[in-house]
Amino acid sequence: MTIEFINVHKTLRQKTHRTKVLEGANVEFNPDRLTGILAPPRTGKSTVANLTTGKLRPDTGRVKRSSLVSFPVAAPGVFNGSLTGRENLAFLCRVFGFDPVPIIRFVLDFTEIGDALDKPFKHLNRDQRTRLLFTSCYAIPFETYIVDESIIGGRGAFRNKCEELVKDRMQSAGFIIVTSSPNLLRKYCNDFFVIDDFQIHEVNSADEAENWFGKDKLKDGDGELDSVANVEEKEEREENNEMM
């Protein structure tokens, strides 16, 4: 099983300008591995993540998937704010072909948000949204999980539970982690790539990936997010920062 970019060209067309992200990119990811892709901020990381999941399509070329790929962990826009958490989960399970009953039960037990699961998602507080978004992705048994910067979320005991859940998923599934933080690659990954000059290049280590750009162009980070923004803020941020 692989995820393969075949001669992929992608340019983002925004209101006032166009930004080239990939030009004839060819690369193959092994979906059962823990893969890290490093790039400085605003150089196409989210675009590559969204091409990998299928949210975005190449202008030309093809992204070939032979494994069940997740949506990006805790991604903006995955949940419809007007639907309840339960309704959102049921919809996602139908899309990916899973029985929603055990997945919803797992989410209820893991998040401990109780009746909040049956409230419209936009009415939940930040802690409830964070618990629900992070748990929902890992509750579905994908073969490859896609991470765009944030791999775990929440505070205190829940954050610790979330990290244990990630470690458990890493025993049976692959991860593709797209980030500007070499520390995140060092912590989790065993395959390494960089995005540069409109291509995706394989390198031998997190140190080599960091040296490719230099520390001053990257950022420190551990892939942890205290809380997600409001639904409206998240959607606006995704639209305005597609290149991050």
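Coordinate-derived values only; no laboratory data. Quick caveat: nothing in here was measured; it's all calculated off a predicted structure. Glycine also receives a Cβ, built like all others from the backbone with ideal geometry; neighbour counts cover every protein chain displayed.
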Does Leu22 satisfy being in contact with a helix residue (DSSP H, G or I) (Cβ under 9 Å, 6 or more places away or on another chain), surrounded by 15 or more Cβ atoms within 10 Å (Cβ to Cβ) and over 25 Å from Arg129 (Cβ atoms)?
yes
If we ask which residues in region 56-67 are over 17 Å from Phe96 (Cβ atoms) and not in a loop (DSSP other than H, G, I, E, B), their number turns out to be 5
Residues of region 211-225 satisfying the condition of being in a loop (DSSP other than H, G, I, E, B) and within 16 Å of the chain's Cα centre (by Cα):
Gly221, Asp222, Gly223
Among the residues that make up region 89-106, is at least one of them small (Gly, Ala, Ser) and over 19 Å from the mean Cα position of the chain (by Cα)?
yes
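Residue by residue, here is whether (1) more than 20 Å from Asn88 (Cβ to Cβ); (2) basic (Lys, Arg); (3) touching a helix residue (DSSP H, G or I) at 6+ places or on another chain (Cβ under 6 Å); (4) buried (at least 24 other Cβ atoms within 10 Å of the Cβ) holds:
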{"residue": "Arg126", "(1), (2), (3), (4)": "no, yes, no, no"}
{"residue": "Thr130", "(1), (2), (3), (4)": "no, no, no, yes"}
{"residue": "Leu133", "(1), (2), (3), (4)": "no, no, no, yes"}
{"residue": "Tyr138", "(1), (2), (3), (4)": "no, no, yes, no"}
{"residue": "Leu165", "(1), (2), (3), (4)": "no, no, yes, no"}
{"residue": "Ser172", "(1), (2), (3), (4)": "yes, no, no, no"}
Residue by residue through region 161-175, note down the ones that are of a type outside the set (Ser, Thr, Tyr) and not in a helix (DSSP H, G or I).
Gln171, Ala173, Gly174, Phe175
Suppose the filter is closer than 25 Å to Gly214 by Cβ, in contact with a helix residue (DSSP H, G or I) (Cβ under 9 Å, 6 or more places away or on another chain), surrounded by fewer than 22 Cβ atoms within 10 Å (Cβ to Cβ) and of a type outside the set (Gly, Ala, Ser); does Leu34 pass it?
yes
If you take the residues of region 154-205 that are more than 19 Å from the chain's Cα centre (by Cα) and among the small types (Gly, Ala, Ser), which of them is nearest to Val228 (Cα to Cα)?
Gly156
Check region 41-59 and report whether any residue there is in contact with an Asp or Glu (Cβ under 7 Å, 6 or more places away or on another chain) and loosely packed, with under 15 Cβ neighbours inside 10 Å.
no
Only residues that are without any contact (Cβ under 8 Å) to a residue 40 or more places away in the chain and in contact with a strand residue (DSSP E or B) (Cβ under 7 Å, 6 or more places away or on another chain): list them for region 118-149, please.
Asp118, Lys119, Pro120
Looking at region 68-81, can you tell me whether even one residue there is part of a loop (DSSP other than H, G, I, E, B) and surrounded by fewer than 14 Cβ atoms within 10 Å (Cβ to Cβ)?
no
